[in-house]
Amino acid sequence: MNSGASRLVESVPSASIEKLACELVSIPSQAGVDSVEPVLQAMAAWLEARELRPGFLTDQQGDNAAVFATCLGRTSGASICINACLDTAPFGDRNSWSFSPTDGTIVANRLRGRGSADSKIGASIIAHVADFIAKRQMIESGTLYVLFDADEHTGRFGGVRSFLERVSPRPRAVVLAYPGNDKLVVGARGFYRARITVFGKAAHSGATTRRGVNAIEKLAELISMLRAAPLPVAMNGFPLRPVATISEIHGGGGFSQIPDKATCNIDMRITPSFDGLKACAWLDELVARVDSQIPSPKNSIVELDQTWPPYTVDLNSRLVTSFLAGGQEAFGRPIASEICGPSNIGNFLSTYAIPTICGLGVSYENLHGADETSDVTTIPASFCSYLTGSLNFLSAR
């Protein structure tokens, strides 16, 4: 780390970042379980106390889904948004935790509780980045937005959708304040998600004739076909290959009836060479094959739930070079870029032609699992990477 970076690290408000992060983690905000209003109000109050003039964003039902703040430069120019989520994954089995999921304390340099990694500590860091920049009027030209979405883990992204509709100018780029600092994520596989309904013919399970058609067994055969069917290898400069996963199954009831209906959900991770259209055709072909091999009164149905395209950000782009330089200076080591398997908001934002990268955040353990924690000693480097990366991006020509 050079002398300039060292001086910047010394000015990081780590104690304040930790305090806000502890407060946010202590407020339960499980997606689809808890009200997110308390955590949004807590963040808005913090921003308001620092004269950052927060604004609330509502979802399609009119409920608050996010809060944001804006740092304006002296003149107009490029715009960038750093986003962190305030809702969390569910707690899961509380008996598997050795401390409360809303513990919100720091023990042996580990912030403990759900959201300590993903991504309430990131929310606290970027809130302080905005405050740091605003107080010092560090932006010569352009706009920095900080967005705190409480509708991310639901998969609805109501806050981000509302943000894109409301703000002007729209950001030219987005950075997701996700945990982890090994690599800068510059792309991801997309997904194609569908629900498959397979039909059979009901009959008594004890019958010796007219045994009907067992929909569960037919679905099991389809799943076997799905597992055996080949998928393309990685190609066209995209390092990951597509993959298909059966994620949920329902069918039958009781004991004495041969089931006439069974359903499953399939999650397909798609790539530029195997996009949503090819995933749909691949799936339709296999479903038609099982209907041909095991006829029943009704053909199977495939219903699309949602699909997002894969995306990549040019490694030579202003966004990537700005944050790689800022991250390497802050963490004091080389940082590589990668395309990751799981999808993120970047897939959604790519449909708006907004390039998106992820990181560089704090180190962590047990993301989405029991005993989730984050390493508070990595707060200064993460803070500096977001600060320097944003300023690099806004000042680039």
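The values are calculated or read from the model by the stated rules, or taken from the named source; none is laboratory data. What you see is a predicted model; the values in this text were computed from it and never measured. Positions of Cβ are generated from backbone atoms using ideal geometry, with glycine treated the same way; all protein chains shown enter the neighbour counts. We work out accessible area using only protein heavy atoms, side chains counted, and drop any ligands, DNA or RNA first. Shrake-Rupley method; radii C 1.70, N 1.55, O 1.52, S 1.80 Å.
Report the FRET efficiency, 1/(1 + (r/R0)^6), for Ser14 and Ser273, where r is their Cβ-Cβ distance and R0 is 41 Å, rounded to 0.05. If you can, show how the numbers build up before the last one.
Working: r = 45 Å, r/R0 = 1.10.
My answer for the efficiency is 0.35.
Across the chain, how many lysine pairs, 8 or more apart or on two chains, come within less than 12 Å at their alpha-carbon atoms? Intermediate results must be reported in sequence, preceding the final value.
Working: Lys19/Lys120; Lys201/Lys218; Lys201/Lys261; Lys201/Lys298; Lys218/Lys261; Lys261/Lys298.
For the chain, qualifying lysine pairs total 6.
Would you mind working out the magnitude of the charge dipole of the stretch 242-397 relative to its Cα centre, with +1 at each Lys and Arg C-beta and -1 at each Asp and Glu C-beta, to the nearest 20 Debye? Could you put the intermediate results ahead of the total?
Working: 8 positive and 16 negative charges, 92 e Å.
Computed charge dipole of the stretch 242-397: roughly 440 debye.
Residue separation times 0.36 nm, minus the C-alpha to C-alpha distance between Leu315 and Arg333: what's the value? Don't jump to the answer; show the numbers that get you there.
Numbers: separation 18, 0.36 × 18 = 6.48 nm, distance 1.82 nm.
That pair, Leu315 and Arg333, stretches by 4.7 nm at full extension.
Test of understanding: what is the full-extension gain from Asn265 to Asn95, defined as 0.36 nm times their sequence separation minus their Cα-Cα distance? Please report the intermediate quantities before stating the final value.
Working: separation 170, 0.36 × 170 = 61.20 nm, distance 2.87 nm.
The span from Asn265 to Asn95 would gain 58.3 nm if fully extended.
Below 8 Å between Cα atoms, with a sequence gap of 6+, how large is the relative contact order for the chain in percent?
Details: 910 pairs, mean separation 91.5, N = 397.
Rounded, it is 23 percent for the chain.
Nearest 10 degrees is fine. How inclined is helix 37-49 to the longest principal axis of the chain, computing both from alpha carbons?
Orientation of helix 37-49: about 20 degrees from the principal axis.
Tell me the relative contact order for the stretch 329-397 as a rounded percent, counting alpha carbon contacts under 8 Å between residues six or more apart. Walk me through the numbers on the way to the answer.
On the way: 40 pairs, mean separation 20.5, N = 69.
So the answer I get is 30 percent.
Considering only the other residues whose Cβ falls under 13 Å of the Cβ of Ser98, what net charge follows from Lys and Arg at +1 and Asp and Glu at -1?
Numbers: positive: Arg94, Arg110, Arg112; negative: Asp93, Asp103, Glu365, Asp371, Glu372.
Net charge around Ser98: -2.
Report, by chain and number, residues whose modeled amide H sits under 5 Å from the one on Ser337, excluding near sequence neighbours (fewer than 5 apart, same chain).
It is Leu184, by chain and number.
What's the carbon and sulfur percent of the chain's accessible surface, probe 1.4 angstrom, rounded to a whole number?
50 percent
Once each part is reduced to its C-alpha centroid, what is the distance from the stretch 46-120 to the stretch 181-243 in angstrom?
Using only Cα atoms, the two centres lie 35 Å from each other.
At 1.4 Å probe radius, can you tell me the per residue accessible area of the chain in Å²?
On the way: 17550 Å² over 397 residues.
Here the residues of the chain average 44 Å² of exposed surface.
Return the percentage of antiparallel bridges among DSSP beta bridges fully within the chain, rounded to the nearest 5 %.
On the way: 50 of 71 bridges.
Once the DSSP bridges in the chain are tallied, antiparallel ones form about 70 percent.
Starting from the Cα-Cα distance between Ala49 and Glu303, subtract it from 0.36 nm times their residue separation and give me the gain in nm to one decimal. Present the calculation step by step, with values, prior to reporting the outcome.
Details: separation 254, 0.36 × 254 = 91.44 nm, distance 4.80 nm.
Between Ala49 and Glu303, full extension yields an extra 86.6 nm.
Using the beta-carbon distance between Arg289 and Arg156 and R0 = 41 Å, what value does 1/(1 + (r/R0)^6) give for FRET efficiency, to the nearest 0.05?
Computed FRET efficiency for Arg289 and Arg156 comes out at 0.75.
Treat each spin label as a single point 7 Å out from the Cα along the C-beta direction, and report the Thr209 to Thr245 distance in nm.
4.8 nm
To test your reading of the geometry: what angle, between 0 and 90 degrees and rounded to tens, separates the Cα axis of helix 318-331 from the longest principal axis of the chain?
70 degrees
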